[in-house]
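What follows is one structure encoded as structure tokens, with my remarks underneath.
The values are calculated or read from the model by the stated rules, or taken from the named source; none is laboratory data. Treat the numbers as computed from the prediction; the structure is a model and nothing was measured. Neighbour counts are summed over all protein chains in view; Cβ atoms, including those assigned to glycine, are modelled from backbone coordinates with ideal geometry.
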Amino acid sequence: MTLSDNQLKTLLKAAGITALSVTALVIGVRVVKRIREGKTEKELTHAVESLTTTDKEVSQSISTEQAKLFANTLFEAFNVWNGTDTDVVKSVIGKLKNGKDWLAVIKAFGVKPYGTTGTPWFGDGIQLDLVGWFRKELSGSLMQEIETQLEKYGINI
Ligand SMILES: [Ca+2]
């Protein structure tokens with residue numbers, strides 16, 4: 001059987017689309033796999049340590065001690081017996097005035113296993129950074145506010 005030019009073109013086009021689909025599928029599977037498997041604690045910690053902000057105009061307005069205190073306060077607010085103390089979360093993030101403040105608290109928090117500390121009683125124990133915890137614990141306008149701040153300060157987490 002010989003193929004006409006048109007038939008050949010159609011066949012090549014179909015093959016091209018198939019190749020593209022396979023490529024997309026392979027990439028998709030890899031991405032999903034990476035997300036599902038997660039990063040190791042070491043990789044995550046390194047990723048947090050390496051975070052930067054595009055906010056270059058200001059210096060950190062809180063001390064390192066305050067950043068540690070805020071990180072601990074947030075962790076406690078996530079783990080109150082009846083869910084999450086969003087008032088405390090709001091209060092803490094209201095004290096972060098610039099990108100460097102945010103980075104200081106994110107780095108002070110480091111990574112913590114989600115849900116293996118007793119509360120919440122669910123949770124898969126996967127290591128999460130502060131923003132990972134925010135995304136698990138918060139929703140609605142408060143989470144949007146946090147995402148807006150991170151975007152504003154160019155913190156890519
Ligand atoms: Ca909680």
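So the values come out like this:
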quantity: In region 41-96, residue surrounded by the most Cβ atoms within 10 Å (Cβ to Cβ) [restricted to those that are more than 16 Å from the ligand (Cβ to nearest atom) and acidic (Asp, Glu)]; calculated: 55
quantity: Close pairs (6 angstrom Cβ cut-off, 6 or more residues apart or separate chains): assigned by TED's automatic domain parsing to the domain that holds residue 113 and on the phi < 0 side of the Ramachandran plot in region 67-85, within 8 Å of the ligand (Cβ to nearest atom) and of a type in the set (D, E, K, R) anywhere; calculated: 78/137; 84/137
quantity: Filter result for residue 128 (within 15 Å of the ligand (Cβ to nearest atom), of a type outside the set (Phe, Trp, Tyr), touching a residue at least 12 places away in the same chain (Cβ under 8 Å) and assigned by TED's automatic domain parsing to the domain that holds residue 48); calculated: yes
quantity: Residue match in region 104-124 (condition: within 11 Å of the ligand (Cβ to nearest atom), over 30 Å from residue 57 (Cβ atoms), basic (Lys, Arg) and within 14 Å of the chain's Cα centre (by Cα)); calculated: no
quantity: Residue that is assigned by TED's automatic domain parsing to the domain that holds residue 48 and under 19 Å from residue 40 (Cα atoms), where the choices are 99, 123; calculated: 123
quantity: From 58, 111, 105, residue being under 21 Å from residue 156 (Cβ atoms), in contact with an Asp or Glu (Cβ under 7 Å, 6 or more places away or on another chain) and β-branched (Val, Ile, Thr); calculated: 111
